[in-house]
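What follows is a set of notes on a single structure, which appears directly below.
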Amino acid sequence: MKKKLMMIPGPTPVEQSVLDALSKETVSHLDPELVKTLKETLEDLKAVVMTENGQPFIIPGTGTLAMETTLVNSLKKGDRLLVISHGYFGDRFVEIAQGYGFEVEILASQWGKIVEVGEIAQKLKEKKYSAVTLTHVDTSTGVCAPLKDVGEVLKKFPETLFIVDGVCATGGIEERMDDWGIDVLFAGNQKAIGVPPGLANLVYSEKALERRNALGNISSYYMDVNRWLPIMREPAGGYFATHAVNMVNALHQGLKIILNEGLEERFKRHKRFALAFQTGLEELGFSILPSKEIRANTMSTVSYPSGIEDLSFREKLYENGVLVSAGKGVLAGKIFRLGHMGNITENEVVATISIIERTLSEFNYNFKLGSGIGAAESILFAK
Ligand code: PMP
């Protein structure tokens with residue numbers, strides 16, 4: 001079978017050097033080399049989210065574990081949580097919170113749109129919330145939230161924690177944890193960070209750690225950040241739960257790739273690839289769900305020109321060599337989701353658009369062959 005281009009919004013293609021790191025010999029979690037690697041990885045994670053004094057946690061698990069960890073360490077039963085939801089992953093906070101008996105209120109946008117910052121400010125004035133959650137990029141809708149602006153509003157409510165789900169953004173879109181007043185920022189491995197899934201990566205502000213302490217006993221053992229804290233502060237110091245040592249090696253290499261590329265360069269590259277894809281696809285008659293100013297740079301939600309049916313298009317596209325994802329929830333059958341984050345290069349962008357054109361030409365659809373590629377290349381290779 002031909003090798004497929006995996007252009008889904010996670011997991012993303014993994015560099016060979018990361019796979020090599022993953023396959024290093026398995027050692028003890030107390031091995032001096034591993035201890036050094038974990039320490040460096042924790043520091044590099046802080047660098048990626050631009051924090052000076054944030055406390056990083058790297059815990060075996062996935063993005064969902066990071067979501068649940070954050071909530072269970074931030075609220076107690078009966079505390080009020082405001083969830084700002086731009087889709088499926090925003091809504092997931094509600095499900096988790098309800099399970100713990102937190103009082104959840106939700107400000108939700110129509111799918112493909114965002115909740116206006118003014119609306120959030122108004123809501124915060126009306127009642128006190130222990131925490132607010134915001135999904136930087138909701139992977140169901142391809143919408144990018146205005147983190148900085150929401151952070152500005154939240155600075156006026158110091159008793160409220162600002163929790164950000166960076167799973168589909170961290171390492172691909174700017175996140176200035178300190179400057180924007182973010183209290184907990186977390187990601188998995190498998191999206192813009194470009195590492196196989198398997199770790200929950202969180203960074204806590206001083207205020208978020210104080211909140212954890214103020215809660216006393218919490219209803220989780222494994223997810224209690226206070227149990228992980230001594231290991232994160234001194235990985236040589238002992239044992240809480242056996243770390244995923246091979247995954248730590250992989251993340252270490254993944255973060256090195258990010259920092260070696262340079263954060264500014266990497267964010268610019270993601271923007272360029274997003275623009276190239278979005279412009280090229282529009283030229284071919286597709287449309288991008290969110291309006292221009294709220295489109296994510298890490299992925300796109302793409303709706304079809306009339307006459308092109310979702311499943312048969314995606315199946316043909318796959319036969320031709322490109323894997324994309326189906327729409328979720330109300331968007332199922334109406335859009336496909338395209339990932340363009342992590343360590344992909346211009347080559348994958350060009351090849352994907354070219355294969356999309358070839359696939360379109362196999363349907364009874366009138367378009368100018370080469371027009372999508374032309375539009376994308378004029379952005380990709382602009383001097
Ligand atoms: N948040 C967002 C924005 C996501 O895209 C995802 C996964 N696609 C998650 C949370 C959950 O992460 P995981 O699948 O790694 O548990």
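Among the candidates A274, A192, the residue that is under 18 Å from the mean Cα position of the chain (by Cα) and farther than 21 Å from L22 by Cβ is uniquely A274. Applying the condition of being crowded, with 24+ Cβ neighbours inside 10 Å and of a type in the set (A, V, I, L, M, F, W, C) to segment 164-176 and asking which residue is farthest from the ligand (Cβ to nearest atom) yields V164.
Checking the stated criteria, R358 turns out to be basic (K, R), in a helix (DSSP H, G or I) and surrounded by 15 or more Cβ atoms within 10 Å (Cβ to Cβ). Among the residues of segment 83-102, those identified as touching a residue at least 60 places away in the same chain (Cβ under 8 Å) and more than 12 Å from the ligand (Cβ to nearest atom) are I84, Y100. Being out of contact with any Lys or Arg (no Cβ under 7 Å at 6 or more places or on another chain), part of a loop (DSSP other than H, G, I, E, B), under 26 Å from D91 (Cα atoms) and of a type outside the set (V, I, T) is not true of G307.
This table checks each residue for (1) touching a Cys at 6+ places or on another chain (Cβ under 7 Å); (2) within 20 Å of V167 (Cα to Cα); (3) among the charged types (D, E, K, R).
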residue	(1), (2), (3)
F186	no, yes, no
P196	no, yes, no
N201	no, yes, no
S205	no, yes, no
S219	no, no, no
V225	no, yes, no
H252	no, yes, no
K256	no, yes, yes
R266	no, yes, yes
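When K24, K39, K4 are checked against the criterion of being in contact with a Phe, Trp or Tyr (Cβ under 8 Å, 6 or more places away or on another chain) and surrounded by fewer than 20 Cβ atoms within 10 Å (Cβ to Cβ), K4 stands alone in meeting it. Take F186 and tell me if it is at pLDDT 95 or above and under 30 Å from F273 (Cβ atoms). Yes. For segment 195-206, taking the residues that are over 15 Å from the mean Cα position of the chain (by Cα) and either of a type in the set (D, E, K, R) or surrounded by fewer than 22 Cβ atoms within 10 Å (Cβ to Cβ) (or both), the one that is nearest to the ligand (Cβ to nearest atom) is identified as S205.
Confirm whether L134 is touching a residue at least 60 places away in the same chain (Cβ under 8 Å), closer than 17 Å to M67 by Cα and within 16 Å of the ligand (Cβ to nearest atom). Spelling it out, it is not the case that L134 is touching a residue at least 60 places away in the same chain (Cβ under 8 Å), closer than 17 Å to M67 by Cα and within 16 Å of the ligand (Cβ to nearest atom). In segment 26-38, the count of residues that are under 22 Å from the mean Cα position of the chain (by Cα), away from the ligand (no atom under 16 Å from the Cβ), more than 26 Å from F157 (Cα to Cα) and outside any strand (DSSP E or B) is one or more. Residues in segment 270-304 that are aliphatic (A, V, I, L, M) and either closer than 17 Å to I353 by Cβ or part of a helix (DSSP H, G or I) (or both): A274, L275, A276, L281, L284, I288, I294, M299, V302.
Filtering segment 214-267 to residues that are of a type in the set (D, E, K, R), loosely packed, with under 13 Cβ neighbours inside 10 Å and not in a loop (DSSP other than H, G, I, E, B) leaves R233, E264, E265.
Consider segment 148-175 and keep the residues that are within 25 Å of K76 (Cα to Cα) and aliphatic (A, V, I, L, M). The one that is nearest to the chain's Cα centre (by Cα) is V167.
All conditions but one from (1) within 16 Å of the ligand (Cβ to nearest atom); (2) free of Cβ contacts under 8 Å to residues at least 40 places away in the same chain apply to I59; the one that does not is (2).
The values are calculated or read from the model by the stated rules, or taken from the named source; none is laboratory data. Computed from a predicted structure; not experimentally measured. Quick reminder, even Gly has a Cβ in these numbers, built from the backbone with ideal geometry, and neighbours come from all protein chains shown.
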